[in-house]
1. Which ³J(HN,Hα) values in Hz, rounded to whole numbers, follow from the phi angles of the range A:75-84 under the Karplus curve 6.51 cos²θ - 1.76 cosθ + 1.60, where θ = phi - 60° and Gly and Pro get x?
2. At a threshold of 8 angstrom on Cα-Cα distance, excluding pairs fewer than six apart, so keeping six or more, what relative contact order does the range B:1-104 reach in percent?
3. I'd like the interface area for chains A and B: accessible area of each alone minus the complex, both sides summed, 1.4 Å probe, protein heavy atoms only. What is it in Å² to the nearest 100?
4. Could you order A:Lys46, B:Lys78 so the one with the most accessible surface comes first? Probe is 1.4 Å.
5. Modelled label-to-label distance, B:Glu60 and B:Ala173, 7 Å Cα→beta-carbon offset: nm?
6. Multiplying the sequence separation of A:Ala13 and A:Asp31 by 0.36 nm and subtracting their Cα-Cα distance, what value in nm do you get?
7. In sequence order, what are the phi-derived ³J(HN,Hα) couplings for the range A:8-19 according to the Karplus relation 6.51 cos²θ - 1.76 cosθ + 1.60 with θ = phi - 60°, rounded to whole Hz, with x for glycine and proline?
Amino acid sequence: MAKTEHDILDDAALEAFFTAGRADTPVPSSDLMARVLADAEAHQSKPRPIARPAQRRSLLAGLIAAIGGWPALAGMATATVAGVWLGFAQPDTLNALAGGTLLPGATETGYELEDLVPSFSNFGAVVEEG
Amino acid sequence: MDMAFDANSDVTDDALLVAYGNGDREAAMLLTTRLTPRVLGFSARMLGGDRAEAEDVTQEAMLRLWKIAPEWRQGEAKVTTWLFHVVRNLCTDRLRKRRGVDIDSIAEPADDAPGAVQGLIDTDRAQALQAALNQLPERQRVAVTLRHLDGATNPEIAAVLDISVEAVESLTARGKRALAALLAGRREELGYGED
């Protein structure tokens, strides 16, 4: 027997059932959400480390790195200062510090030119003879 | 907790799943919030309203999503479509195992309290709809449920069922006609008087 209009619902009536069905959609319990999230965390791969971009080095930074970094630079600075100090220091003071071993018998302060360049005393004669 | 984007943001499920695969914990939370309710709703309707079993299926389907995430290629498939496909298979397996048990006897609500209150009427209607859905052939149930209760589009349903969009339209139309016939007999008890 063919269905009559009375035997089936029209679209509006059927839509009312769908509306009721949508309103009755189950809401996940907090327990289910926790279980799903726990699974997510358990199966998640570790974050990939992000490669740091290569940094451009300044000329000075490159130089410092070439000689071995800041500790080496500090050593060089110390040596430089020591050298300057030795250059300016009074030799007799140095002699005194050395216990008179460097210039035995020296009584005068400072060096004469001939002390440093013994051959210089003959230089005048050479010039005169020339 | 600070969130860069909420569950309603424009970030696609696709992008979130890739972010999850790359170790983004926030993406896991957003995907869970977004997808679990839809998966549960679909599972429950496919399983005749069995809440506990629907929760198990939901957890299993989401677990498969987490596992596939590292291999997920953005833009190839819709996450929800993929999930519904998985849910459909899981539900089919469970319904098959139930064979021998009268599914309708589980799903049919204890309907002994005529609804004087509108809320009760709505609940009764929802239960009557579920009972009617249970009687539809499986593919019609999938099509009608996704189209009219979940709000999925016909192309999405076509992807879930591996059929053409035209076939989905045909399935949905047949499913609706069957539902209309099944529910007509309950018109009066559910608050639809004779017009």
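1. These are the phi-based 3J(HN,Hα) values: x, 5, 5, 4, 5, 5, 5, 4, x, 5 Hz.
2. Computed over the range B:1-104, the figure is 30 percent.
3. Numbers: alone 12080 and 10980 Å², together 19530 Å².
Approximately 3500 Å² gets buried when A meets B.
4. Sorted by accessible area, descending: A:Lys46, B:Lys78.
5. 3.5 nm
6. In short, 2.9 nm is gained.
7. 10, 7, 7, 4, 5, 5, 5, 4, 5, 5, 5, 4
The values are calculated or read from the model by the stated rules, or taken from the named source; none is laboratory data. These figures come from a predicted structure and were not determined experimentally. When we count neighbours, we look across all protein chains shown, and the Cβ atoms used for this are built from the backbone with ideal geometry, even at glycine. These area figures cover heavy atoms from the full protein model, side chains too; ligands, DNA and RNA do not enter into them. Shrake-Rupley method; radii C 1.70, N 1.55, O 1.52, S 1.80 Å.
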